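Coordinate-derived values only; no laboratory data. The model shown is predicted, which means the values in this text are computed figures rather than measured ones. Neighbour counts run over all protein chains shown; Cβ positions are idealised from the backbone, glycine included.
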Amino acid sequence: MRWLAWLTGGVVNRFRRSRLDRETRDELAFHLSSRVRDLMAGGMTEGAAERQARIELGGVERCVERVRDARGFPLAEEFMQDLRHGCRLLAKNPGFTAVSVLSLGLGIGTNSAVFSLADALLLRPLAVRAPGEILSISTTDNGRSFGARMSYLNYRDLRDLAGLFTGVIAHHISAFSVAQSATAPAQMKLGLVVSEDFFSVLGVPMAVGRGFIPEEGRVPGRDAVVVLSHDLWKTSTSGDASVIGSQVRINGIVFTVVGVAGPAFTGMDAFIRPALYVPMAMDTRLSPSRRAVIDDRGANSLAVHGRLKRGVSRAAASAEMSTIWHGLSQQYPDANQALTITVHSGLEERVLESPPVAVLVAVLLALVSIVLVIACANVTNLLLGRARARSRECAVRLALGVSQSRLLRQLLTESLVLAVLGCAAGLLFAYGGILFLQRFRIATDLPLVIATQLDARVLGFSVVAAALSAVLCGVVPAWQSLKTSVVLSLKSGEPAATRRSRTAGRSVLVVAQVALSMTLLVAAGILVDGFRKALLLDPGFRTTHLLRISTDTSLAGYSPEDTHRFYRQLIERTQEVPGVASATLTSGVPLEGWSWAQPVIPEGYRFANGERSEAMFSAAVDQHYFSTMKMTLTRGRSFTSGDDVESPRVAIVNEAFATRYWPGQNPIGKQFRIDATGTPWMEIVGTTATGKYMFIGEAPRPFFYLPVDQVDRSDLTLLVETASADASPMVAPVRDVIHGLNANLPVYDAVPFATFYEQRAMGLPLTITQMVAAMGLLGLTLAIIGLYGLVAYSVSRRTKEIGLRMAIGAGSRDVLAMVLGQGLTLAFVGIACGGVASLGIARLLSAGMTGLGRPSLFTYAVVPVLLVGFTLMASYVPARRAARVDPLVALRDE
Amino acid sequence: MAQLLPGTLDLLILKAVSLSPAHGYGILQRIAQISGGALAIEQGALYPALARLERQRLLDAEWGTSDNNRAARFYRLTPAGKRRLREETDGWRALVEAMTAALAATSEEV
């Protein structure tokens, strides 16, 4: 922290100054009175003695000033001096300044933009009071189901027993039908069902009104109160304080608005933004089907978080939870024995929830930091180029008695000025980058947001990056200037040894730049290639001539029988609409990014880790699904209208599922069941080709389908095949069919499938591909600038030598070849080093992102060619200049 | 009275303070006394020199009472000051010997 003392020392000195001056005056007063006494003892009159004493001292004020000077400049003043000096120097070399600031700006800017994406995807903590104290508490069954969940009864016991937490809260997300009044049309909104202490324990700042109070958790179904999200408040209601006390209908029940959450709080998930919050006591009244879930200790449906008491370590909290859980397991062995309890920080929780996102973030951050290093190397290189001129200046100043540390500070201040300018430029670039990232949207009515934004965190990150680059690119050149200046103070010329080592140092830098940019380009190539392959690949289903539209009958309070009847009618009526070729129902649309995970027990299969079952993604579909979606059945049959509640249970699995459990066997006729009490065995009647299910770049994954009539799902999506390629004109007629059956049923995500597919499947991969490609090109550009700089510099330094060579018979062609050769040597060494590093990166990438597939040799071949091509271009300009050297002028010029 | 060579003021001050802690005026008197009145110090140069030595942490200063019961600023040597005094004294002796030898040289010795 010495630099801090250095900065603040200046300020403190400024305040100390008046005190120090007063002290000097006191000291001088004592001196004068002593002198006067002595002079008077020698026989002088008092007046004469006083005059004499003052003359001898040379004036009190002048002496105070000289003492102040001798005490040394206050650091703040010194710093301001250095700052002015640095700015003047930069203004005098506009070319140098422009290239440096641009390099740093691009480096810092891309880092800031990528950081803001990483922040939105993973890093940003919850917008609550002291988010570091919030831990997620979850029970896991070692992979049999996904997500951090806990049953309601276990949550209640944990909350009552936990002593090291100031509070333990629970929530789950749910879809609601929301209307402003009984007559207004209902809309589907996501809401969080939260324990009544949710807002108080988290410390969510409220925009207006209040959070829930303990009383509102006491009696189930009594207190119909709701807290709105800031977004909903601003968009759908009055947007002022009068909203408190107003009424909203949720699933047909009248709720009173008691508060609005602050704008920063957007729920507990990085992507899903709930529109409203309701107390858990209202859970079963809102969704009667939750009754069974609430009463079942084995039904894990809640996400649980606790706030640690001040000063309690995580290890202690973890130990306490384990102890409590041990008790609960013994008390309720049926529900709890197979589960273990874990405590995670917010970041760990987000990483565990989506490992691919964490890998992506890590890869992007690593790549983008390489860009910053290349940019810094550029600036270092430029500074080193000027070090010769600077070491003269330093030598003079050293000779004049300026201390070395003072000079070092001055030189570092200059790179600090560069970094500050670079940071400013970087924020501009970052702003552009963030606007680019914000373009990315998902076509769904659900409030899914990747909230990239230029906020205080990104700003802080940029400042840190800038400070780091100031040190990174300033230290070596400053040290160089000082070192050589000590020698220079004695000699007028530059010693040969330092000259050679300096160019050698710069060559190492350029080689490193080329190597790093090669690595960057190969990584970018692998990613772009992987995504391109994935994007070009047939996803395995229809993407055009298709319309999607979703609804949820539970939002209108349908019974399971009503639901079955409703969807049967919906299919029949939709097929009668002119322009509709076929229609099908499904519980999940491919590439939506989430899916229905169910733990499966395959017949006769033994899990390696001794587990009983394993979570697999699935969908409930009707008999038209595979034909409407143009999915290939590889074996067996499709579902039929005969596969209903009455008939034997059946399933269709994909090839990956079949080979996972029955490799080399015919899966038709095999059975599996869902890991829950009393579930029947299901016979596999058909298999499909393995397609894409969660996202487009995924590795092949097992998947299974169940007949929609054999499961209870109230939320289904209608997929309609249209006669025309563009499905958008059919949105309105199909929506009318649903509203013809029930006008109050909320309809959502009504879009042509092509639109959804483009944004969902292509959007994020395309954005990331463009980003990574941009990083690669940026790295290349910066490295080439560095290479050009070095070659041009050495040509200018060797003008005399070149003149001499030409005078003794070298042709301009030889000189051209010599300079190009220098550039190429740098490039080849860089490519060789980069090649080795690239192999490592490629291995890391394919280990981390399994969906990428094997990196093609094409990337390895193209990148070096690209580098050599650009090197030739960059070296050609100084080479031409060298070839045009007039030996007469060059040799005379000394 | 002889004029001071550049750089010797600091050495003299360190020497004077090394005998016992003293205030500025006392240092002046002591230098006059130990040099037998031969070395004249410009009074206005003393206090900047003291400030400089204090900044270099060769001297420490604190307020105390003088013989005639007035508040005065007393200087004392720091360990670094003692070390510096030793080094400078040795350096000075070497210089003096070398200069003396050089000035005593006769034409036969060349």
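Using modelled amide H (1.01 Å from N, peptide plane; none on Pro or chain starts), what sits under 5 Å from the amide H of A:D622, excluding residues fewer than 5 places away?
Counting only residues 5 or more places away or on other chains, the set is A:L585, A:V708.
At 7 Å along the Cα-to-beta-carbon direction for both A:R392 and A:R22, put a label point, then send me their distance in nm to one decimal.
Reported label-point gap for A:R392 and A:R22 is 5.0 nm.
Can you check what the net charge comes to around B:R73, using other residues whose Cβ is under 9 Å from the Cβ of B:R73 (Lys, Arg +1; Asp, Glu -1)?
-4
Return the Rg/Rh ratio of segment A:497-649 with Cα-based radii and a Kirkwood Rh. Write down the numbers at each step before the final one.
Details: Rg = 27.2 Å, Rh = 21.4 Å.
That ratio equals 1.27.
May I ask for the equivalent-ellipsoid semi-axes of segment A:647-805, computed as the square root of five times each C-alpha gyration tensor eigenvalue and listed largest first in whole Å? Write down the numbers at each step before the final one.
On the way: eigenvalues 654, 154, 31 Å².
Listed largest to smallest, the semi-axes of segment A:647-805 are 57, 28, 13 Å.
List the residues, sorted by chain then number, that are 5 or more residues from A:V650 or on another chain and whose placed amide H is less than 5 Å from its amide H.
Residues meeting the amide H criterion: A:E683.
With a/c under 1.5 counting as rounded, go ahead and sort segment A:19-126 into rounded, prolate or oblate using the C-alpha gyration tensor (a ≥ b ≥ c being the square roots of the eigenvalues; past the cut-off, prolate if a/b is larger than b/c, else oblate). Let's see the in-between values first.
Values: a/c = 10.50, a/b = 3.13, b/c = 3.36.
Oblate.
Considering only C-alpha atoms, what is the centroid distance from segment A:774-790 to segment A:589-653, in Å?
About 51 Å separates the Cα centre of segment A:774-790 from the one of segment A:589-653.
What distance in nm separates the two pseudo spin-label positions at A:V865 and A:D715, each 7 Å out from Cα along the beta-carbon direction?
Using points 7 Å along Cα→Cβ, the separation is 5.0 nm.
Of the beta bridges DSSP finds with both residues in chain A, what % are antiparallel, to the nearest 5?
Details: 71 of 89 bridges.
Taking every DSSP beta bridge with both residues in chain A, the antiparallel ones total about 80 percent.
Per-residue mean of other chain beta-carbon atoms within 10 angstrom of the beta-carbon, peptide B:39-45? Each step should come with its number before you reach the end.
On the way: counts 0, 0, 0, 3, 10, 11, 5.
Rounded to a whole number, the mean comes out at 4.
Once you treat every alpha carbon in segment A:94-136 as an equal point and sum by Debye, what is log10 I(q)/I(0) at q = 0.15 Å⁻¹?
Here log10 of I(q) over I(0) equals -0.56.
Could you point to the residue in A:G58, A:A651, A:V248 farthest towards the positive end of chain A's charge dipole, with +1 and -1 charges on the Cβ of Lys/Arg and Asp/Glu respectively?
So the residue we want is A:G58.
Which whole number gives the average, over all residues in A:27-36, of C-beta atoms from other chains lying within 10 Å of the residue C-beta?
Details: counts 11, 6, 3, 10, 10, 2, 5, 11, 4, 0.
Rounded to a whole number, the mean comes out at 6.
Per the Kirkwood formula on distinct C-alpha pairs, the Rh of chain A is how many angstrom? Mind dumping the intermediate values first?
Values: mean 1/r = 0.0302 Å⁻¹.
Answer for chain A: a Kirkwood hydrodynamic radius of 33.2 Å.
What is the dipole size for segment A:160-228, taken about its Cα centre, with +1 at each Lys and Arg Cβ and -1 at each Asp and Glu Cβ, in debye to the nearest 20? Display every interim value, and only then the final one.
Working: 4 positive and 6 negative charges, 48 e Å.
Using Cβ point charges on Lys, Arg, Asp and Glu, segment A:160-228 gives about 240 debye.
State log₁₀ I(q)/I(0) for segment A:151-215 at q = 0.12, 0.14, 0.19 Å⁻¹ as given by the Debye formula over alpha-carbon point scatterers of equal weight, solvent excluded.
Results for segment A:151-215 at q = 0.12, 0.14, 0.19 Å⁻¹ read -0.45, -0.58, -0.89.
I'd like the distance between the alpha-carbon centres of segment A:378-399 and segment B:57-98, rounded to an integer number of Å.
Between the Cα centre of segment A:378-399 and that of segment B:57-98, the gap is 39 Å.
Output wanted: per-residue J couplings in Hz (rounded whole) for segment A:586-603, from phi through Karplus 6.51 cos²θ - 1.76 cosθ + 1.60, θ = phi - 60°, x for Gly and Pro.
So the J values, rounded to whole Hz, are 8, 7, x, 9, x, 6, 5, x, 9, 7, 8, 8, 10, x, 10, 10, x, 5.
If I fit a long axis through the Cα atoms of helix B:8-19 and take the longest principal axis of the Cα atoms of chain B, what angle between them do I get, 0 to 90°, rounded to 10?
Orientation of helix B:8-19: about 60 degrees from the principal axis.
Convert each backbone phi in segment A:25-35 into a coupling constant with the Karplus relation 6.51 cos²θ - 1.76 cosθ + 1.60 (shift: θ = phi - 60°), then list the ³J(HN,Hα) values in order as whole Hz, x for Gly and Pro.
The phi angles translate into 4, 4, 4, 5, 4, 5, 4, 4, 5, 5, 5 Hz.
Skipping prolines and chain starts, which residues have an amide H placed within reach, meaning under 5 Å, of the one on A:E614, given they are 5 or more residues away or on another chain?
Those qualifying (amide H under 5 Å, at least 5 residues apart or on another chain) are A:V600.
Taking R0 as 41 Å, what FRET efficiency do you get between A:Q453 and A:T323 from their Cβ-Cβ distance, rounded to the nearest 0.05? All intermediate terms of the calculation are to be shown ahead of the outcome.
On the way: r = 42 Å, r/R0 = 1.02.
The pair A:Q453/A:T323 has a calculated efficiency of 0.45.
Once the Cα atoms of segment A:765-870 are picked out, what are the Rg and Dmax in Å?
My reading of the Cα-based Rg and Dmax gives 18.9, 62 Å.
What distance in nm lies between label points placed 7 Å from Cα along the C-beta direction at A:I668 and B:N68?
12.3 nm
For the peptides A:237-245, A:163-171, what is the packing order when you average, over each peptide's residues, the other Cβ atoms within 10 Å and list the highest mean first? If you can, show how the numbers build up before the last one.
Values: A:237-245: 13.1, A:163-171: 19.8.
So the peptides A:237-245, A:163-171, ranked by packing, come out A:163-171, A:237-245.
Across segment A:281-296, in residue order, what do the Karplus-derived ³J(HN,Hα) couplings come to in whole Hz, using 6.51 cos²θ - 1.76 cosθ + 1.60 with θ = phi - 60° and x for Gly and Pro?
Karplus values, whole Hz, x for Gly and Pro: 5, 8, 3, 6, 6, 6, 10, x, 5, 6, 3, 4, 5, 4, 7, 9.
Just list whichever of A:K670/A:K692; A:K189/A:K309; A:K92/A:K800; A:K483/B:K15 have alpha carbons separated by over 30 Å in the model shown. Could you put the intermediate results ahead of the total?
Working: A:K670/A:K692 24 Å; A:K189/A:K309 35 Å; A:K92/A:K800 27 Å; A:K483/B:K15 35 Å.
Violating the 30 Å Cα-Cα cut-off are A:K189/A:K309; A:K483/B:K15.
With the radius of gyration and the Kirkwood radius both derived from the Cα set of segment A:710-782, what is their ratio Rg to Rh? Don't skip to the end; give the middle numbers.
Working: Rg = 19.5 Å, Rh = 15.7 Å.
Rg divided by Rh gives 1.24.
Over chain B, with a single point scatterer placed on each C-alpha, what log10 of the ratio I(q)/I(0) does the Debye formula yield at q = 0.15 1/Å?
-0.68
Between A:V889 and A:A699, what is 0.36 nm times their sequence separation minus the Cα-Cα distance? Round to one decimal in nm.
61.8 nm
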